[in-house]
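Have a look at the structure below, then the notes.
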Amino acid sequence: MLLSLAIMVMALAALGRLVDIGTDRELAARQHATAARLAQSKLAEVEAGVLGLASDTGSFDGSDAGWTWQVTAEVQTINLYLVTVTVSREAAGKPFSLKLAQMVLDPAAKGTAAEAARPDPSGGAP
């Protein structure tokens with residue numbers, strides 16, 4: 001009887017630890033998904049020309065208020081930049097950061113849809 005009670009207590013302790021590990025992994029996965037979404041959003045702002053191709057930092061607001069971002073852009077060739085977005089936060093006393101890098105054409109060199117000439121409906125050259 002005493003032996004079976006000891007085995008049960010040890011099994012419950014092991015199960016409790018497994019639940020803790022699962023909870024930690026879920027938090028890490030949620031942080032990673034949120035960081036990826038925020039970094040992609042900031043990179044899209046750079047691609048669209050909302051953010052310039054200069055180094056910049058800031059913080060998110062609203063439901064993402066605990067997150068900060070940093071953007072760096074390195075010239076690779078004419079009108080081509082390596083843009084790196086770093087998103088970070090400190091949660092439960094542990095720092096977490098994610099970097100996303102992508103080659104981006106200078107939005108000023110691409111132009112905008114408003115600058116495009118409309119095609120001639122009669123089929124003539126513009």
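The values are calculated or read from the model by the stated rules, or taken from the named source; none is laboratory data. Just so it is clear, the model here is predicted, and its values are computed rather than measured. Here the Cβ positions follow ideal geometry from the backbone for every residue, glycine too, while neighbour counts run over all protein chains shown.
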(request) Among the residues of region 26-66, write down those that are among the β-branched types (V, I, T), over 12 Å from the mean Cα position of the chain (by Cα) and more than 20 Å from K110 (Cα to Cα). (result) T57
(request) Output the residues belonging to region 91-110 that are in contact with a Phe, Trp or Tyr (Cβ under 7 Å, 6 or more places away or on another chain) and more than 12 Å from L43 (Cβ to Cβ). (result) D106
(message) Name the residue that is modelled with the lowest pLDDT, counting only residues in region 81-96 that are surrounded by fewer than 14 Cβ atoms within 10 Å (Cβ to Cβ) and not acidic (D, E).
(response) A92
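If I filter region 30-56 down to residues being aliphatic (A, V, I, L, M) and part of a loop (DSSP other than H, G, I, E, B), which single residue comes out as farthest from T72 (Cα to Cα)?
The first filter runs over region 30-56 and keeps only residues aliphatic (A, V, I, L, M), leaving 33, 35-36, 38-39, 43-44, 46, 48, 50-51, 53-54.
Now restrict to residues that are part of a loop (DSSP other than H, G, I, E, B): 50-51, 53-54.
On the way: V50: 15, L51: 11, L53: 8, A54: 6 Å.
Checked region 30-56; the qualifying residue farthest from T72 (Cα to Cα) is V50.
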(message) For T23, only one of the following conditions fails: (1) modelled with pLDDT under 85; (2) among the polar types (S, T, N, Q); (3) under 16 Å from L82 (Cα atoms). What is its number?
(response) (3)
(request) Would you mind telling me which numbered condition in (1) of a type outside the set (D, E, K, R); (2) within 16 Å of K99 (Cβ to Cβ); (3) assigned to a helix (DSSP H, G or I) G16 fails? (result) (2)
(request) Name the residue, out of E26, E74, that is in contact with a strand residue (DSSP E or B) (Cβ under 7 Å, 6 or more places away or on another chain), exposed (fewer than 14 other Cβ atoms within 10 Å of the Cβ) and outside any loop (DSSP other than H, G, I, E, B). (result) E74
(message) Conditions first: (1) loosely packed, with under 10 Cβ neighbours inside 10 Å; (2) touching a residue at least 24 places away in the same chain (Cβ under 8 Å); (3) of a type in the set (G, A, S). A35 passes all but one, so which condition is the exception?
(response) (1)
(message) Which condition from (1) within 30 Å of D24 (Cα to Cα); (2) at pLDDT 90 or above is the one that A73 breaks?
(response) (1)
(message) Would you confirm whether or not region 85-95 contains a residue that is free of Cβ contacts under 8 Å to residues at least 24 places away in the same chain and not in a strand (DSSP E or B)?
(response) yes
